[in-house]
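First comes the structure, then the notes that go with it.
The values are calculated or read from the model by the stated rules, or taken from the named source; none is laboratory data. Remember, predicted model here, so these are calculated numbers, not experimental data. Here the Cβ positions follow ideal geometry from the backbone for every residue, glycine too, while neighbour counts run over all protein chains shown. Calculation scope for accessible area: heavy atoms of the full protein, side chains included, ligands and nucleic acids excluded. Shrake-Rupley method; radii C 1.70, N 1.55, O 1.52, S 1.80 Å.
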Amino acid sequence: MNSFAQELNFFRSELIQESQWRSECLNLIASENTTSPLVSELLANDLSHRYGDYRGLDLQDRKYRGCRFVVTIEEKAHELGKKLFAARFVDLRPLSGHVAGIAAIMALTEPGDSVMELDEGGGHRLNQKLSLCSLTRLKTVHIPFDASRFNIDLQRTEELLRKEKPRVLILGSSQFLFPHPVRQIRETIGRVSPATVLVYDASHVLGLIAVKHFQQPLEEGADLVFASTHKTLGGPQGGLVFTNRADLAKKVGEAIYPAIVTNHHLNRLPALAVAFLEMLAHGERYASEVVANAKALACEIHRRGIPVVAANSGHTQSHTFLLQAAEFGTGRELSERLENVNIIAGECKLPASLGTEGIRMGSQEMTRYGMTRSEAPEIAELIVGALRQEVSENRIKSKIKQLRRSLNRNRFDFSLQECNPELQGPVTVP
Ligand code: DSN
């Protein structure tokens, strides 16, 4: 075999092994998901070879020739996005939720301005990260957090808003257990800092918001929402922005293009549009099971002696729940222990009063693979057994493999439910 073929085989073999291994694991990473086979299939198309830049809000006004189908596809994707998120404007160009958020900050601030965002409580710390670049002259102010309720401390937030008058306040979290007080903060901004733009990072909960299984940020008073498209939404990896304000759509749109993104990776668009369609068709049932599974798993783990954050409030109203791990090891040690038995979950930092060391888990991917509440006790038993090291790793691993085999992906395999087989197949003409 020549060296090209050898190298090619290496990558093929790694990918096959990865997918085989994944099919034997329980993935509880709260920021991931798997797309439906239909959406995966639609990702590989000719648009990945093309450019389709546009400026402003007119999707027809493209810089490159040859965009006749790009335009119609993107127009339809916008139409579906606006319907799903009940918004007047959407922008699907950001390549990730992070990029979408950076665009919002760049569009809305001047050097020297303050941005308020969460730190403790799972903040993505967008402005803090952006400020690592010395060109950025913005001040970060942390939104006060009440660990006992695992939510924003409204009184201290009002005091800071009054004092700092930030240009932008970003709600939303990567440990998004409970809705944030959007209405109250909107009202406070109106009284004490009217020039502040209220932005909401919906990355984790976008799929839940889309089908009204979480709060409705625009309706409650957020000016602009940004998000990634591949967590609870279950779309391809990417980002988006939506708003009802034309001025913000235009301003943030100009920061996305041409400031940050020129080629917006067009092949994502049909796949994303079909993920929107899937949410419109089945999202409600999916989201309600995602939340029910998260609650059930959190509860079963807590009952078995591993504390789960917010026991007094039912642990969560989203896909995410958080284990307080300090008593058993560091978050890193424990997540390694879990991975050894084919349970994939991420370490996280918790507020000091909750012991700092945490494990974050999410139910959205396993729900997609067919998990129901009836599996929660068994899964909890295996997680707790692995964390406490009470049961041999081999025994737990083999039970996890068996459990994965028993899940019924067809429950949420949208392509099977919506399509005739003849509608499926490659979308590239040879
Ligand atoms: N914020 C990171 C996470 O929650 O994993 C990535 O989006």
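Could you list which residues have their amide H under 5 Å from that of residue 358, counting only those 5 or more apart in sequence or on another chain, with H placed in the peptide plane?
Under 5 Å from the amide H of residue 358 lie the amide H atoms of 325, 331, 348, 350, each far enough along the sequence or on another chain.
Positive end of the dipole of the chain, charges at C-beta (+1 Lys, Arg; -1 Asp, Glu), about the Cα centre: which of 214, 296, 392 has its Cα farthest in that direction?
214
Pop a pseudo-label 7 angstrom from the Cα along the beta-carbon direction at both residue 381 and residue 418 and give the gap in nm to one decimal.
With each label placed 7 Å out from Cα toward Cβ, I get 3.7 nm.
Using just the C-alpha positions of the stretch 50-191 as equal point scatterers, what log10 of I(q)/I(0) does the Debye formula give at each q in 0.15, 0.16, 0.18 1/Å?
Debye output, listed in q order: -0.89, -0.96, -1.09.
For the stretch 23-74, run through the trypsin sites (Lys or Arg not before Pro) and keep only the ones in DSSP coil with at most 11 other Cβ atoms within 10 Å of their Cβ.
Answer by residue number: 65.
Along the charge dipole of the chain, which of 315, 173, 2 sits closest to the positive end, that is, farthest toward it, with unit charges on the beta carbon of Lys, Arg, Asp and Glu (+1, +1, -1, -1)?
173
Which value, in debye to the nearest 20, describes the size of the charge dipole of the stretch 73-207 about its Cα centre when Lys and Arg Cβ atoms bear +1, Asp and Glu Cβ atoms bear -1, and nothing else is charged?
200 debye
Quick check on packing: order 231-237, 409-415 by the mean number of other C-beta atoms within 10 Å, highest mean leading.
Peptide ranking by packing, descending: 231-237, 409-415.
Residues with beta-carbon under 12 Å from that of residue 329, excluding residue 329: net charge, scoring Lys, Arg +1 and Asp, Glu -1?
-2
Suppose every K and R has +1 on its Cβ and every D and E has -1 on its Cβ; what is the size of the dipole of the chain about the Cα centre, in Debye to the nearest 20?
In debye, rounded to 20, the chain gives about 360.
Expressed in nm to one decimal, what extension gain is obtained for the pair residue 409 and residue 219 from 0.36 nm per residue of sequence separation less their Cα-Cα distance?
Contour length minus Cα-Cα distance gives 65.0 nm.
Which value in Å is the Kirkwood Rh of the chain over different Cα pairs?
When all Cα pairs of the chain are included, the Kirkwood radius is 22.7 Å.
Residue 146's amide H: which non-local residues (gap 5+, or another chain) put their own amide H closer than 5 Å, with H modeled 1.01 Å from N in plane and none for Pro or chain starts?
151, 152, 153
Show me, for the stretch 68-81, the HN-Hα J-couplings you get by feeding each phi into the Karplus relation (A = 6.51, B = -1.76, C = 1.60, θ = phi - 60°), rounded to Hz, glycine and proline as x.
After applying 6.51 cos²θ - 1.76 cosθ + 1.60, I find 4, 7, 4, 4, 5, 5, 5, 4, 5, 4, 4, 4, 5, x Hz.
How big is the stretch 354-401 on each of its three principal axes, counting only the C-alpha atoms and giving the largest first in Å?
Extents along the principal axes: 30, 29, 15 Å.
Taking the Cα centre of the stretch 207-326 as origin, sum charge times position over the Cβ atoms of Lys and Arg (+1) and Asp and Glu (-1), and report the length of that vector in debye to the nearest 20.
240 debye
To the nearest 0.05, what FRET efficiency results for residue 29 and residue 332 with a Förster distance of 22 Å applied to their C-beta separation?
Working from the Cβ atoms, E equals 0.90.
Could you state how much accessible area residue 25 has, in square angstrom rounded to the nearest 10, with a 1.4 Å probe and all protein chains kept in place?
For residue 25, the solvent-accessible surface is approximately 0 Å².
What do you get for Rg/Rh of the stretch 204-264 when both radii come from the Cα atoms and Rh is the Kirkwood radius?
1.00
Taking the dipole about the Cα centre of the stretch 37-82, with the C-beta of Lys and Arg at +1 and of Asp and Glu at -1, give me whichever of 40, 71, 54 is farthest to the positive side.
54
Among 18, 375, what's the order by accessible area (1.4 angstrom probe), most exposed first?
18, 375
Under a Cβ-Cβ cut-off of 12 Å, what is the net charge of the residues other than residue 298 that fall near it, where Lys and Arg count +1 and Asp and Glu count -1?
Taking every other residue near residue 298 into account, the sum is +4.
State whether the stretch 96-150 is rounded, prolate or oblate according to the following rule on the C-alpha gyration tensor (a ≥ b ≥ c being the square roots of its eigenvalues): a/c under 1.5 gives rounded; otherwise a/b larger than b/c gives prolate, and the remaining case gives oblate.
Prolate, since a/c reaches 1.5 and a/b exceeds b/c.
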